[in-house]
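Working notes, beginning with the structure itself.
The values are calculated or read from the model by the stated rules, or taken from the named source; none is laboratory data. As the structure is a prediction and not an experimental result, all values here were calculated from the model. We place every Cβ from the backbone using ideal geometry, glycine too, and count neighbours over all the protein chains shown.
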Ligand code: FEO
């Protein structure tokens with residue numbers, strides 16, 4: 001038995017046997033500045049059950065943690081809640097090493113896993129809301145299609161009232177502490193919001209329905225055990241409630257001003273716009289596209305009510321950093337935003353139009369036509385920039401009071 005890397009007890013019968021990834025800084029395009037964890041869990045009833053596996057790089061760590069409490073060969077059942085390879089990548093090796101009696105996945109998971117690798121055994125598909133008695137425990141499977149893959153599901157362990165929520169309620173945060181209540185609240189809030197904005201925002205409509213469905217099941221809950229980051233055993237209502245709020249994306253008075261600049265002309269416009277936004281009662285956040293990672297900008301946008309994007313024209317097109325940000329942002333479909341485009345140019349000045357087209361494709365309500373300035377902005381140009389900020393702030397007020405009945409800051 002290994003002893004250096006140990007399993008950690010979560011409830012009477014549930015143990016964490018995952019891997020802590022202190023090093024990862026990029027998760028398919030999402031900057032994970034604080035690392036992450038790949039969580040896997042053991043239910044130790046009459047016969048051990050393994051819930052999910054880990055990224056292949058964490059396999060040895062997971063196996064060592066399992067071996068710290070049981071003989072891995074005694075694992076009788078494996079449940080795969082999600083096909084994405086940060087949770088299934090070790091599955092073929094686990095199957096070979098453990099030879100479980102049964103491997104369960106959702107119906108879509110049973111199709112998706114063999115499309116990734118040779119699993120090494122038959123997969124038993126489970127239906128939405130199916131309940132099985134396995135290894136002396138009662139497990140209910142809840143399909144969570146497109147939150148965030150077609151195969152995704154939650155598994156609920158009734159005896160200990162634990163919801164294994166796969167990617168749901170997760171965050172990318174490496175820590176030695178396993179429980180959220182052992183970590184600083186501001187770090188948790190920041191990383192949970194960033195995770196939601198970058199992984200789940202696109203699926204907000206499905207998520208709203210899922211939360212209603214789960215609430216309707218009236219499952220008594222003591223623990224939410226996600227596949228990334230800390231485990232929740234306190235404040236579960238708030239953990240679920242903030243997902244409901246984020247999925248709704250109520251407009252607020254926060255305004256994201258994303259810009260890049262070649263010779264500071266567009267930057268000057270951004271600053272003047274920021275002044276106008278503030279004068280109008282908005283809370284401007286100026287984000288330099290070259291200095292901010294796309295995933296950071298998405299985190300800022302999650303609770304914003306406005307998006308203004310400014311850039312110079314480079315070789316008749318968008319500045320590359322803005323093309324990156326806008327492509328990523330458009331895919332995640334933030335909603336309920338007002339905004340505008342702006343930028344300085346020298347010859348042809350196509351960038352503002354291109355930005356505007358992208359904002360329109362994202363359903364951002366354009367408060368006025370994009371503001372273009374030739375070469376270096378004059379005092380009058382900067383005044384027009386300030387007025388643009390003011391006009392956006394005024395529209396934000398109207399939208400907030402109409403949609404929310406109050407201003408959310
Ligand atoms: Fe953590 Fe969708 O994988």
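Can you work out which of the residues in segment 47-60 that are surrounded by fewer than 19 Cβ atoms within 10 Å (Cβ to Cβ) and in contact with a strand residue (DSSP E or B) (Cβ under 8 Å, 6 or more places away or on another chain) is farthest from residue 224 (Cα to Cα)?
57
Which ones in segment 144-168 are within 16 Å of the ligand (Cβ to nearest atom) and in a loop (DSSP other than H, G, I, E, B)?
144, 145, 146, 147, 148, 149, 150, 151, 152, 167, 168, listed by residue number.
So residue 141 clears everything in (1) in contact with a strand residue (DSSP E or B) (Cβ under 9 Å, 6 or more places away or on another chain); (2) part of a helix (DSSP H, G or I) except one condition, right? Which one?
With respect to (1) in contact with a strand residue (DSSP E or B) (Cβ under 9 Å, 6 or more places away or on another chain); (2) part of a helix (DSSP H, G or I), residue 141 is out only on (2).
Just name the residue that is surrounded by the most Cβ atoms within 10 Å (Cβ to Cβ) out of those in segment 203-230 that are within 22 Å of residue 12 (Cβ to Cβ) and under 14 Å from the mean Cα position of the chain (by Cα).
227
Given the condition touching a residue at least 24 places away in the same chain (Cβ under 8 Å), part of a strand (DSSP E or B) and more than 14 Å from the ligand (Cβ to nearest atom), answer yes or no: does some residue in segment 180-199 qualify?
Scanning segment 180-199 turns up no residue that is touching a residue at least 24 places away in the same chain (Cβ under 8 Å), part of a strand (DSSP E or B) and more than 14 Å from the ligand (Cβ to nearest atom).
Every residue, every condition in (1) outside the structural domain of residue 85 (by TED's automatic domain parsing); (2) surrounded by 22 or more Cβ atoms within 10 Å (Cβ to Cβ), yes or no:
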{"position": "232", "(1), (2)": "no, yes"}
{"position": "258", "(1), (2)": "yes, yes"}
{"position": "268", "(1), (2)": "yes, no"}
{"position": "271", "(1), (2)": "yes, no"}
{"position": "277", "(1), (2)": "yes, yes"}
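Take the residues in segment 19-51 that are within 14 Å of the ligand (Cβ to nearest atom) and in contact with a helix residue (DSSP H, G or I) (Cβ under 6 Å, 6 or more places away or on another chain); name whichever of them is nearest to residue 134 (Cα to Cα).
40
Condition first: part of a helix (DSSP H, G or I) and either touching a residue at least 60 places away in the same chain (Cβ under 8 Å) or out of contact with any strand residue (DSSP E or B) (no Cβ under 9 Å at 6 or more places or on another chain) (or both). Now tell me which residues in segment 276-298 satisfy that.
276, 277, 278, 279, 294, 295, 296, 298
Inspect all residues belonging to segment 107-115 and state whether any of them is over 19 Å from residue 146 (Cα atoms) and in contact (Cβ under 8 Å) with a residue 24 or more places away in the chain.
no
How many residues are over 13 Å from residue 20 (Cα atoms) and part of a loop (DSSP other than H, G, I, E, B) if we restrict to segment 225-239?
3
Here's a check for you: in segment 83-106, which residue that is farther than 21 Å from residue 135 by Cα and under 24 Å from the mean Cα position of the chain (by Cα) is farthest from the ligand (Cβ to nearest atom)?
The residue in question is 90.
When you look at residue 79, is it away from the ligand (no atom under 16 Å from the Cβ), under 20 Å from residue 158 (Cβ atoms) and touching a residue at least 40 places away in the same chain (Cβ under 8 Å), yes or no?
Against the criterion (away from the ligand (no atom under 16 Å from the Cβ), under 20 Å from residue 158 (Cβ atoms) and touching a residue at least 40 places away in the same chain (Cβ under 8 Å)), residue 79 does not qualify.
Among the residues of segment 141-160 satisfying the criterion of being over 25 Å from the mean Cα position of the chain (by Cα) and surrounded by 15 or more Cβ atoms within 10 Å (Cβ to Cβ), which is farthest from residue 8 (Cα to Cα)?
159
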